[in-house]
Amino acid sequence: MLKAVILIGGPQKGTRFRPLSFEVPKPLFPVAGVPMIQHHIEACAQVPGMQEILLIGFYQPDEALTQFLEAAQQEFNLPVRYLQEFAPLGTGGGLYHFRDQILAGAPEAFFVLNADVCSDFPLSAMLEAHRRQRHPFLLLGTTANRTQSLNYGCIVENPQTHEVLHYVEKPSTFISDIINCGIYLFSPEALKPLRDVFQRNQQDGQLEESPGSWPGAGTIRLEQDVFSALAGQGQIYVHLTDGIWSQIKSAGSALYASRLYLGRYQITHPERLARHTPGGPRIRGNVYIHPTAKVAPSAVLGPNVSIGKGVTIGEGVRLRESIVLHGATLQEHTCVLHSIVGWGSTVGRWARVEGTPNDPNPNDPRARMDSESLFKDGKLLPAITILGCRVRIPAEVLILNSIVLPHKELSRSFPPYCQINPYEPW
């Protein structure tokens, strides 16, 4: 018997995902046509022996989350439950707090997946490695170049046994080119070190002179409090993968993750990819179109485009490397490149919405997505363009490298083909 735990965080996280995370919890943001964590659930449901999937986080269980859980249970015929933390407890605190729920039924092991990662999720391969040689902790690892490795948890392994000898979270100097993917397989005994951290936190909290500043004994960081402390003690091992993987920290990385998943659909879900048909829009590359979307036959879509529920695409529209969220309208002859068009937004005729991609270096096979700050010295860095929900863009306007906040209706007093200043707070 197996279980899976998906750590979805809470509203205090995902600030680099704004303004998109204002409308839905970040884990429910559509990536390649389905909510971000549906990719996790699909992968977990395919593992033989999977009995239950638990979501742990600090989000309020609103209508969107409740509907998603109900739909997921019906689609995958598995119990999918949400366990809400009483406070933000870190990457390990929720696991310890809900340990009785996780261990109910005596699973032989349980997967732990961070919600903000994109991967092909080699869970069956991890399970096989675990069963060959059982240890409390098995981490999924991949490689990054020397510079970018500093942005991740770095793993030093024994190349013969794959034991984790040293672990440092976001080191200041180069440690290793093997990085932590945020996907784990834990044995039930892995909760014992979390108990030790909890008890140590309790003792430290009692010694604090200002209790108001103490984050709480229940706050446990898997990476710093557990992995770093136990590395080299024969308890943590790494399973390396060369499959797709990326963090989803910003809107730009969500667009890149959408591209990766759309490419995977060729193997896993070919029915989700649009095909060019006589009298239909011209499809180039991998494109997802929701069945309820209305797309004019003269539109040209792709590569790497995702079109959501109830979207309207007018005649002559050109759409490339973009996500169009449900209820949006692209009027005739608009051009949308490297952008995310928010829920219910409208882009007027002959308007152009364009961003600057910040994809990994295609000439470096170990390059990873940079998820740096959106701003530097008070200025917006060149990145993809984001239109928040219910934004209205007038006809014949060029918007480049901008973030347009929700519910903005740009004035038609703009001259034709003006460019919105990306450093102004539109």
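Indicate, rounded to the nearest 5 percent, the antiparallel portion of the DSSP beta bridges found entirely in the chain. Before the final figure, lay out each step's value.
Values: 26 of 87 bridges.
Antiparallel: roughly 30 percent of the beta bridges in the chain.
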Going through Lys294/Lys408; Lys309/Lys408; Lys26/Lys192; Lys170/Lys192; Lys249/Lys294 one by one, the pairs whose alpha carbons sit over 28 Å apart turn out to be Lys26/Lys192; Lys249/Lys294
Between region 1-74 and region 287-352, the Cα center-to-center distance that results, in Å: 25
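What number comes out for accessible area per residue over the chain if the probe is 1.4 Å? Units Å², please. Write down the numbers at each step before the final one.
On the way: 18740 Å² over 426 residues.
Value for the chain: 44 Å² per residue.
Could you rank the peptides 226-233, 344-351, 71-78, 361-368 by their average count of other C-beta atoms within 10 Å per residue, with the highest value first?
Values: 226-233: 18.2, 344-351: 20.8, 71-78: 14.1, 361-368: 12.4.
Ranking the peptides 226-233, 344-351, 71-78, 361-368 by packing returns 344-351, 226-233, 71-78, 361-368.
From the Cα gyration tensor of region 276-420, with a ≥ b ≥ c the square roots of its eigenvalues, which class applies: rounded if a/c is under 1.5, or else prolate if a/b is larger than b/c, or else oblate?
On the way: a/c = 1.86, a/b = 1.12, b/c = 1.66.
It is oblate, given that a/c is not under 1.5 and a/b is not larger than b/c.
With viscosity set to 1.002 mPa s and temperature to 20 °C, compute the Stokes-Einstein D of the chain, Rh being the Kirkwood radius across alpha carbon pairs; µm²/s, no decimals. Provide the component values of the computation, followed by the final result.
Values: Rh = 22.8 Å.
Calculated translational D: 94 µm²/s.
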If I compute solvent accessible area with a 1.4 Å probe over the protein chains, what percent of it on region 276-420 is carbon and sulfur? 50
Cβ-based net charge around Tyr167, under 15 Å, with every Lys or Arg adding one and every Asp or Glu removing one: -4
List the residues whose amide H sits under 5 Å from the amide H of Glu157, counting only those 5 or more places along or on another chain, with H placed 1.01 Å from N in the peptide plane. Leu165
If you take every DSSP beta bridge fully contained in region 276-420, what fraction is antiparallel? Give it as a percent rounded to 5. 5
Please report, as a whole percent, how much of the solvent-accessible surface of region 148-191 comes from carbon and sulfur atoms (probe radius 1.4 Å). 53
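May I ask you to list, by number, the DSSP H helices of the chain whose Cα span along the axis is at least 24 Å and whose average Kyte-Doolittle hydropathy reaches -1.0 or more? Intermediate values should be presented prior to the final figure.
Values: long enough: 191-207 (25 Å, -1.24); 251-268 (25 Å, 0.10).
Counting only whole DSSP H runs, the qualifying helices are 251-268.
The values are calculated or read from the model by the stated rules, or taken from the named source; none is laboratory data. Just so we're clear, the structure is a prediction, and the values are computed from it rather than from any experiment. Every residue, glycine as well, gets a Cβ built from its backbone with ideal geometry; the counts of neighbours run over all protein chains shown. When the accessible area is computed, the model is the full protein with side chains, heavy atoms only, and any ligands, DNA or RNA have been set aside. Shrake-Rupley method; radii C 1.70, N 1.55, O 1.52, S 1.80 Å.
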